Amino acid sequence: MSRAAILFLILGLALVAWASARARAAGFAPGLGAQRPHSRPGHHGWYVALWAAVPALIFLGIWANVSPGLVMGAALDNPAGQALPPPGLQRSAILAELRGLASGRIAQGFQPQAAALLPAYKSSALHYGIIGAVAAVLLAFAGGAFAFTRVSPQFRARTRVERVVMAVLLIASLIAILTTIGIIASLLFESLRFFARVSPIEFLFGTVWSPQTAIRADQVGSSGAFGAVPLFWGTIFIGAIIAMIVAIPLGLMSAIYLTQYARPVVRKWMKPILEMLAGVPTVVYGYFAALTVAPALRNFAAAIGIPNASSESALAAGLVMGVMIIPFVSSMADDSINAVPQSMRDGSLAMGATTSETIRKVLVPAALPGVVGGVLLAVSRAIGETMIVVMAAGLAANLTANPFASVTTVTTQIVQLLTGDQEFESAKTLAAFALGLVLFIVTLLLNIVALRVVKKYREAYE
Amino acid sequence: MNSAGRTPTDWKSGAMQRRIARRYAAERRFRLLGLASVLLSAGFLAFLLFTMIGNGWRGFTQTDIKLSVDFPASTLILDPAALEGFGARQALAGADFEGVTAAAADEQFGEGGARMLSDGAWLAVRDAVAAKPDLLSGKANIWVPAATAIDLAAKGSADRDSEAAYARLDAADAVRTQFSTTFLTGADATDPTLVGIWGAFKGSLITMIATVLIAFPIGVLSALYLEEYAPRNRWTDLIEVSINNLAAVPSIIFGLLGLAVFLNFMHLPRSAPIVGGLTLALMTMPVIVIAGRNAIKAVPPSIRDAALGIGASRVQVVFHHVLPLALPGILTGTIIGMARALGETAPLLMIGMRAFISQPPGGMTEPATVLPVQIFLWSDEVSRGFVEKTSAAIIVLLVFLLAMNGLAIYLRNKFETRW
């Protein structure tokens, strides 16, 4: 019997248990006072259903992990099995083929030993499969029957069921912590293995990045150089400088215009339109940057006589990224300008200041911490952005301040290092995790600082 | 009193008038600057969409060439009777349509004529024969897809040779450009005239189903726990901090997590929608939790008090009253999170969903690719025919995203309750 069939059988049993316990509890006399049943029929139903399903499912989960070993052990317990080569590559190849043959994934085997073992393997798989199925169904029956005997007017089924519900809720919310731990653990673990080969000092302060490790030992450049400073510079240059030169003025001025000047109808329509800029997938921006913006910029640079103009310029990626970031800056600025107390604005206007003077001399200085927080969040978003730079920025790790030259970023290199055909153990792939760790830490710090600044600012006016 | 000695400001004086005029001009400049930045930002969006649509609408069309094939005179050995009933598929597979198509093209258009047809032209001939076996008894005119160069020439952007070839075809009235379903029903291919978006679209759909099945229950349950039951202590603070941080972690980090945990540690299949779904679910879950908490917070306490007052337990209060009332808000947040996941590319590149897949995936564990990754792959292609196909795929993706966001706005407007 297949695993899915057993699963459906158990769920069916649970359904039967639910219905029968519910019907029985519904038959209790609706007494008053002490005779009144403690729990509703539905609670009794759920209690019995849980007892029928959960132990059997837990058993199935354990059995799925234990039984392959048992099956293989029984299949090899015969002369053909004992004649197999000792543990090693050849043995595991034969066993893998045996499993493939038995499950039907492989139609025809290459190794005669695997074919010889097939009948024994199949019979033992059937044997243990039946044992598992029977045990699971028995467990479901036993659990259901045990719980069913406890159904009575006095029984506190609701309390028990609600305890299970609370446990499920708690487990669901722990998954967020597990994910965080998983991210930190996987990044740290792989980075430590990387730092065992390349010193952290060289990685953080070296200025030469050429991660090609050679296939043959005598090949030129076989050592590979892992100095990440050009990558950090490229990331900051594109994400924190060029993109912000575009996004901060446009985002801030848009927010000011929409909150202070625009008529409500204009605001109602323009705000969602600007927010659409943040909803466009980054791969679309990347394609736009590579196809339209980058060639135009290269022609422009060539026309005004700038040397080394590359078709994969930092400027193209940075400009498009800045456009993408505009809504982040403008919505944060919008929030913080709106949070400035009306009395400050009224006071300034009453003194005879014009609207723009009020904005420049009162509102913006008062809202500055919120705006700064928003900009920091935008920077953290920009340096973690991948597709635009992968498609529009180059791969050459240059340490240059020429916006028309090609630079590379942390995220570009992560993609580049991990998408080739690489063995997982090489320093090249591990370097991607070290870069990821740096990226994670920097964005985390930026977010913590930004949220703290924003929070402090909100408290100042509350 | 001192004030008696002060002369009041003379607002009518020339200096004052000039000053006021200067201030008002600054006001107008500032206002114009604001308007300009709003218009510039919106202009970027318009330019982006305009470029994509301008490049992309031609991707949905296809240029066909009328090829006349003289079947009795050709080398094709195929009995029309074999195409009836069983064995038809085998008979078709055994016949050399490729050679016949190439020979017919060479004969009709001169030496090198086969190069004017798409690599998949013989498929069109085969399908025509399969649909109407009596074509085999005579000379037949069949519309077959043209090669990329002719296709581009028909759409007005190609080199001189192709332009000339197209002009000759056009003069002979043997060419047409029209809307084609190939792009909407096919999967990836090496020839831009044969590619389609359906394979990637189906991959996206399966991945999104996996994502929502994992992220929605977990997200809603943890939002309920944190908002309704969680005691204020160090543990719940930790959960909250992790959720807020996860929402801000760059998406590529989730890809690294998926690679290290799901592929290298748990040995799940590479390129499979289930792995993509798991990775995107971890990414989307914080969005759902945050949206869910806001929606739950918006349910007024009086509802809870009333339910508790007539004897409901705390679980009953939440599942019978709070959750149904908060559900529209949660759904809106979920759809927005899903839209973000749908456009996500980087984490899926990390877990190997960038393979060349020429068949639409059939299930959760089969190799697949998704729309944004397909766009990325096509954008890397050298052949010029892929430019319009990439833009056309972007149009499909944007339409899909727009539909999802429209649904979210509709839900919010329809079910939003003001307490």
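The values are calculated or read from the model by the stated rules, or taken from the named source; none is laboratory data. A quick note: this is a predicted structure, and the numbers were derived from the prediction, not measured. Using ideal geometry, Cβ is built from the backbone for each residue, glycine included, and neighbour counts are taken over all protein chains shown.
Figures for the structure shown
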| quantity | calculated |
| --- | --- |
| Single match in A:356, A:380 (criterion: touching a residue at least 60 places away in the same chain (Cβ under 8 Å), of a type in the set (Gly, Ala, Ser) and either buried (at least 18 other Cβ atoms within 10 Å of the Cβ) or in a helix (DSSP H, G or I) (or both)) | A:380 |
| For residue B:373: the one exception among (1) closer than 29 Å to residue B:292 by Cα; (2) assigned to a helix (DSSP H, G or I); (3) touching a residue at least 40 places away in the same chain (Cβ under 8 Å) | (1) |
| Positions within region A:266-301 being more than 23 Å from the chain's Cα centre (by Cα) and of a type in the set (Phe, Trp, Tyr), in sequence order | A:269, A:287, A:288, A:300 |
| Total residues in region A:81-105, condition closer than 12 Å to residue A:116 by Cβ and surrounded by 15 or more Cβ atoms within 10 Å (Cβ to Cβ) | 6 |
| Test: residue in region B:331-353 that is among the aliphatic types (A, V, I, L, M), in a loop (DSSP other than H, G, I, E, B) and in contact with a Gly (Cβ under 8 Å, 6 or more places away or on another chain) | yes |
| Residue B:418 being modelled with pLDDT under 80 and either under 15 Å from the mean Cα position of the chain (by Cα) or within 12 Å of another protein chain (Cβ to nearest Cβ) (or both) | no |
| Options B:121, B:114; residue that is touching a Pro at 6+ places or on another chain (Cβ under 9 Å) and crowded, with 18+ Cβ neighbours inside 10 Å | B:121 |
| Lone unmet requirement of (1) exposed (fewer than 14 other Cβ atoms within 10 Å of the Cβ); (2) at pLDDT 90 or above; (3) away from chain B (no Cβ under 14 Å) for residue A:142 | (1) |
| Sole residue being more than 14 Å from chain A (Cβ to nearest Cβ) and surrounded by 24 or more Cβ atoms within 10 Å (Cβ to Cβ), chosen from B:324, B:273 | B:273 |
| Meets criteria (within 10 Å of chain B (Cβ to nearest Cβ) and at pLDDT below 90) for residue A:272 | yes |
| Set B:318, B:287: member being among the hydrophobic types (A, V, I, L, M, F, W, C) and more than 11 Å from every other protein chain (Cβ to nearest Cβ) | B:287 |
| From the options B:26, B:81, residue that is at pLDDT 75 or above, surrounded by fewer than 19 Cβ atoms within 10 Å (Cβ to Cβ), aliphatic (A, V, I, L, M) and part of a helix (DSSP H, G or I) | B:26 |
| Qualifying residue in region A:409-425 (condition: more than 8 Å from chain B (Cβ to nearest Cβ), under 20 Å from residue A:288 (Cβ atoms) and in a loop (DSSP other than H, G, I, E, B)) | yes |
| Candidates A:184, A:171 - the one that is closer than 30 Å to residue B:264 by Cβ, more than 9 Å from every other protein chain (Cβ to nearest Cβ), at pLDDT 90 or above and under 33 Å from the mean Cα position of the chain (by Cα) | A:184 |
| Cross-chain or 6+ apart pairs with Cβ under 8 Å, region B:244-265 first and crowded, with 23+ Cβ neighbours inside 10 Å, then of a type in the set (S, T, N, Q) and not in a helix (DSSP H, G or I) | B:250/A:386; B:251/A:386; B:252/A:386 |
| Total residues in region B:366-388, condition more than 9 Å from chain A (Cβ to nearest Cβ) and either farther than 11 Å from residue B:200 by Cβ or modelled with pLDDT under 85 (or both) | 9 |
| Residue within region A:350-357 that is within 13 Å of chain B (Cβ to nearest Cβ) and within 24 Å of residue A:456 (Cα to Cα) present | no |
| Any helices (runs of 4 or more DSSP H) falling wholly within region B:92-166 and containing at least 1 residues that are within 26 Å of residue B:77 (Cβ to Cβ) and among the hydroxyl-bearing types (Ser, Thr, Tyr) | B:97-109 |
| Residue in region A:315-342 that is modelled with the highest pLDDT, counting only those that are of a type in the set (Ser, Thr, Tyr) and crowded, with 24+ Cβ neighbours inside 10 Å | A:330 |
| Condition check for residue A:455: farther than 21 Å from residue A:326 by Cα, of a type outside the set (A, V, I, L, M), touching a helix residue (DSSP H, G or I) at 6+ places or on another chain (Cβ under 8 Å) and assigned by TED's automatic domain parsing to the domain that holds residue A:298 | no |
| Test result for residue A:326, within 13 Å of chain B (Cβ to nearest Cβ) and closer than 23 Å to residue B:40 by Cβ | yes |
| Any chance residue A:95 is assigned to a helix (DSSP H, G or I) and closer than 30 Å to residue A:54 by Cα | no |
| Helices (runs of 4 or more DSSP H) within region B:189-260 that include 1 or more residues within 12 Å of chain A (Cβ to nearest Cβ) and farther than 21 Å from residue B:343 by Cα | B:198-224, B:234-248 |
| Near pairs, Cβ below 6 angstrom, 6+ apart or cross-chain, from region B:203-223 (surrounded by fewer than 24 Cβ atoms within 10 Å (Cβ to Cβ)) to any residue that is hydroxyl-bearing (Ser, Thr, Tyr) | B:216/B:334 |
| Those residues of region A:224-283 which are outside any helix (DSSP H, G or I) and acidic (Asp, Glu), in sequence order | none |
| Among (1) surrounded by fewer than 23 Cβ atoms within 10 Å (Cβ to Cβ); (2) out of contact with any Lys or Arg (no Cβ under 8 Å at 6 or more places or on another chain); (3) part of a helix (DSSP H, G or I); (4) more than 9 Å from every other protein chain (Cβ to nearest Cβ) - the single one residue A:291 does not satisfy | (4) |
| Residue ID - nearest to residue A:69 (Cα to Cα), chosen from residues in region A:113-139 that are surrounded by 14 or more Cβ atoms within 10 Å (Cβ to Cβ) and among the polar types (S, T, N, Q) | A:124 |
| Test for residue A:387: is it closer than 17 Å to residue A:406 by Cα and either at pLDDT below 90 or at the interface with chain B (Cβ under 9 Å from one of its Cβ atoms) (or both) | yes |
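Listed here are the residues, each with its yes/no results for (1) assigned by TED's automatic domain parsing to the domain that holds residue B:150; (2) surrounded by 13 or more Cβ atoms within 10 Å (Cβ to Cβ).
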| residue | (1), (2) |
| --- | --- |
| B:7 | no, no |
| B:12 | no, no |
| B:19 | no, no |
| B:22 | no, no |
| B:30 | no, yes |
| B:33 | no, yes |
| B:65 | yes, yes |
| B:69 | yes, yes |
